[in-house]
Amino acid sequence: MEVWNIAWWHWLVAGILLLVLELVTPGALFLIFFGVAAVIVGILSAVSLSGPLWMQIVLFAVLSLVALFTLRGMLLARLHSRLLTRDIDSIAGETAIMLEDVAMGGVGKAELRGAAWSARNVGLSPIANGQRCTVVKVEGLTLWVSEE
């Protein structure tokens, strides 16, 4: 009967390849756990703490799955919370400049932070081209503005 054996450096190479693959698949956060588990098994194997091949495979599977199911949700929540708290929320209260005349309740273009935005006039009077206005809120890519 032939006995299979995987050298410690095989685990390290596999782990590094999985980590590199994670870098080229943005947002997935799956392969990182398998890559880290393979590196850990490789290190344990290098210092003769991982046991026979079947134990290395079980250790790899357990480490990967436990990390995946316990850490992935926390990492995704942390990454998404950073994305959601970008500067877009700080736009309310800033001053924009209208790029065209906009009647009450009308939609036109306004400049804010060097970019042109769609702007809805929610004020009680029309806003003229070149007039300053205050951003009340942001909804999607539309500024809700009123005269200052």
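Please specify each residue of region 61-108 satisfying the condition of being modelled with pLDDT of 95 or more and either surrounded by 15 or more Cβ atoms within 10 Å (Cβ to Cβ) or under 16 Å from Gly123 (Cα atoms) (or both). The answer is Leu63, Ser64.
The residues of region 109-121 that are among the hydrophobic types (A, V, I, L, M, F, W, C) and surrounded by 16 or more Cβ atoms within 10 Å (Cβ to Cβ), listed by number, are Ala110, Leu112, Trp117, Ala119. Looking at region 1-53, which of its residues are in a helix (DSSP H, G or I), within 17 Å of Val66 (Cα to Cα) and either outside the structural domain of Met74 (by TED's automatic domain parsing) or not aliphatic (A, V, I, L, M) (or both)? Once the filter is applied, which keeps residues that are in a helix (DSSP H, G or I), within 17 Å of Val66 (Cα to Cα) and either outside the structural domain of Met74 (by TED's automatic domain parsing) or not aliphatic (A, V, I, L, M) (or both), region 1-53 yields Gly15, Phe33, Phe34, Gly35.
The values are calculated or read from the model by the stated rules, or taken from the named source; none is laboratory data. Since the model is a prediction, treat every value here as computed from it, not as a measurement. As a convention, Cβ positions derive from the backbone with ideal geometry for all residues, glycine included, and neighbour counts pool all protein chains shown.
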